[in-house]
Each structure stands twice: as C-alpha cells, then as structure tokens.
Amino acid sequence: MCESCLMPFAKDTGKRESDKYCSLCFKDGALCYKGNDVKEFQKVCYESMRKSGMNIFKAKFFTFMIRFAPRWKK
Ligand SMILES: [Zn+2]
C-alpha cells in the first residue's frame with residue numbers, strides 16, 4: 001500500500017508511477033504534497049475522499065490512519 005496515505009494499491013484506480021506511493025500521492029514524477037505536516041496532508045486527503053463521494057465515517061477513519069503511514073513516522 002501507499003507509504004504516504006496507506007491506500008491499498010488494489011484500490012488505486014489511477015496510473016501508479018511509484019512502487020511506494022499511490023497515483024494520488026505521486027504524480028508526474030513527484031509527490032503531490034511536498035510538505036511534512038501530516039495534519040495538513042490529512043486535510044487534503046479528507047477533502048479529496050469526501051469529494052470522491054466517500055461517506056463521512058469512512059473518510060474520517062482513513063484520514064485518522066494516515067498518521068501511521070511510513071512517510072509520517074518520526
Ligand atoms: Zn497515497
């Protein structure tokens with residue numbers, strides 16, 4: 001799964017460019033969110049999950065899980 005947002009690659013509907021990141025996190029040869037503020041990244045993810053029609057409880061759960069992704073481990 002994605003080391004940035006923990007999305008399983010099986011669920012990734014886009015064209016994946018990286019072995020480590022999903023098609024949403026990594027596009028055109030670079031990470032889409034370049035900062036290292038996990039809270040800010042969670043906000044971006046939450047909004048895009050809601051926009052894609054995911055229900056609020058699922059979106060909240062996945063957003064919560066992001067902090068455990070390898071990319072954000074200190
Ligand atoms: Zn991702």
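FYI, it's all coordinate maths here, none of it is from the lab. Everything numeric here is computed off the predicted structure, so don't read it as measured data. Every residue, glycine as well, gets a Cβ built from its backbone with ideal geometry; the counts of neighbours run over all protein chains shown.
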Worksheet item: Amide H to amide H under 5 Å from Lys27: which residues, 5+ apart in sequence or cross-chain, H placed 1.01 Å off N in plane?
Response: Cys32
Response to the item:
quick shape note, the chain: Cα extents on principal axes in Å, largest first -> 31, 29, 17
Worksheet item: Going by how many other beta carbons lie within 10 Å of each one, how would you line up Cys25, Cys32, fewest first?
Response: Cys32, Cys25
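Quick one: net charge around Ser23, please, counting Lys, Arg +1 and Asp, Glu -1 for every other residue with C-beta under 13 Å from its C-beta. Could the numbers behind the result be given before it?
Details: positive: Lys11, Lys15, Arg16, Lys20, Lys27; negative: Asp12, Glu17, Asp19, Asp28.
Result for the local shell: +1.
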Practice prompt. Grab the DSSP H runs of the chain that are 4 residues or longer, score each as -39,500 (n - 2.57), total them, divide by all residues and round the 222 nm result to the nearest 500 deg cm²/dmol.
Written response: -10000 deg cm²/dmol
Worksheet entry | Under Karplus coefficients 6.51, -1.76 and 1.60, residue-wise ³J(HN,Hα) of the range 10-15 in Hz, glycine/proline x | 4, 8, 7, 8, x, 8
Practice prompt. Run the quick spin-label model on Lys20 and Lys34: label points 7 Å from Cα toward the beta carbon, then report their separation in nm to one decimal.
Written response: 1.6 nm
